[in-house]
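The values are calculated or read from the model by the stated rules, or taken from the named source; none is laboratory data. Computed from a predicted model, the values in this text were never measured in an experiment. Here the Cβ positions follow ideal geometry from the backbone for every residue, glycine too, while neighbour counts run over all protein chains shown. Ligands, DNA and RNA are excluded from the accessible area calculation, which covers all protein heavy atoms including side chains. Shrake-Rupley method; radii C 1.70, N 1.55, O 1.52, S 1.80 Å.
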Amino acid sequence: MKKIDFTRVLAVVRKELLDYRRKRSIVVTMLIFPILFLVEPVVAIFVAPPSGSSASLDKTVILPLLYMLLIAVVTPSTLAAYSIVGERDQGTLEPLLTTPLRQQEFVLGKAAAVMIPSVGLAYAVYALFLLCVKLFAHHDIADAVFHDGPTLLTLFLFTPLVAGWAVVVGMAVSVRATEVRVAQQLGMLASFPVIGVIILLISGVIHPTFAAAIEFALGLFVVDVLALRLVSRLFDRERLVTGARASG
């Protein structure tokens, strides 16, 4: 088995990032969703009574922080679902597939190009939120936020992992889909299992602890790796170009 040429992977990443800059709709989509999912945590920290009990603060302030995990699901799922079928619609996929680029390099490059801006944007939103808490929230609320290590660990540790799931699922859909809109809708639907886990965290059904965060993160990492391998196997150059699977 030939080794992956990461120079080619980086070339795909650079191409994709340049494409994002040229498509205003993609940039707008990447900015709108983080703002929407930031509203609930911001409202929570400024309306919660600072003199509330620890359990009350957990419910009204701490758990809503996990709403921001949805940023790492929605943004990459939309981009990943567009990644292959969108290029085919534009007529730029066939020239790319005629290069010596191997399927693993193609898939890794596409996945990394979605992961980098999505995860970077999510972390930037988290940092902005925590800065606002530090500067403007009541000191009791700020203390409750910054001293809840398990929730903060869950937020920062799960972000690249749930984004990874959204990416591989979106790309799997994009490989098979024939229309961009259908691919994006199916990619969002396929992300519901992860969204369900996030909702359980937000509602307090699953309470974040250091042990639970690490265990879930390890499990999700394994799932992401296996799913990425599956996407690579689904990749078929002839089918992507002609719509028919290669024979033999």
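Among the listed residues Val74, Val119, which satisfies the condition of being among the β-branched types (Val, Ile, Thr) and free of Cβ contacts under 8 Å to residues at least 60 places away in the same chain?
Val119
Restricting to the range 2-30, and then to whatever is loosely packed, with under 14 Cβ neighbours inside 10 Å and of a type in the set (Ser, Thr, Tyr), can you tell me which residue is farthest from Leu101 (Cα to Cα)?
Checking each candidate, the answer is Ser25.
State the number of residues belonging to the range 143-164 that are touching a helix residue (DSSP H, G or I) at 6+ places or on another chain (Cβ under 6 Å), closer than 14 Å to Ile62 by Cβ and open to solvent by 10 Å² or more (accessible area, probe 1.4 Å).
Of the residues in the range 143-164, 4 are touching a helix residue (DSSP H, G or I) at 6+ places or on another chain (Cβ under 6 Å), closer than 14 Å to Ile62 by Cβ and open to solvent by 10 Å² or more (accessible area, probe 1.4 Å).
If you go through the range 176-189 one residue at a time, how many are of a type in the set (S, T, N, Q) and either open to solvent by less than 80 Å² (accessible area, probe 1.4 Å) or modelled with pLDDT of 80 or more (or both)?
Residues meeting the conditions: 1.
Residues Thr78, Thr99: which one is open to solvent by 10 Å² or more (accessible area, probe 1.4 Å), hydroxyl-bearing (Ser, Thr, Tyr) and part of a loop (DSSP other than H, G, I, E, B)?
After applying the criteria, what remains is Thr99.
For the range 122-155, enumerate the residues that are among the aromatic types (Phe, Trp, Tyr) and either in contact with a Leu (Cβ under 8 Å, 6 or more places away or on another chain) or modelled with pLDDT under 90 (or both).
Result: Tyr126, Phe129, Phe136, Phe146.
Within the range 165-174, does at least one residue satisfy the condition of being part of a helix (DSSP H, G or I), under 30 Å from Ala44 (Cα atoms), β-branched (Val, Ile, Thr) and open to solvent by 10 Å² or more (accessible area, probe 1.4 Å)?
no
When residues of the range 80-91 are filtered for being of a type in the set (Val, Ile, Thr) and more than 15 Å from Val13 (Cα to Cα), how many remain?
So the answer is 1.
Each row is one residue, and each column tells you yes or no for (1) under 16 Å from Phe156 (Cα atoms); (2) open to solvent by 40 Å² or more (accessible area, probe 1.4 Å).
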site	(1), (2)
Ser191	no, no
Gly196	no, no
Leu201	yes, no
Gly204	no, no
Ala212	yes, no
Asp224	no, no
Leu228	no, yes
Ser232	no, no
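Would you check if there is a residue in the range 115-134 being open to solvent by 30 Å² or more (accessible area, probe 1.4 Å), more than 18 Å from the chain's Cα centre (by Cα) and not aliphatic (A, V, I, L, M)?
Yes, that holds for at least one residue.
Looking only at residues in the range 32-57 that are at pLDDT below 75 and assigned to a helix (DSSP H, G or I), which one is least open to solvent (accessible area, probe 1.4 Å)?
Per the criteria, the residue is Leu57.
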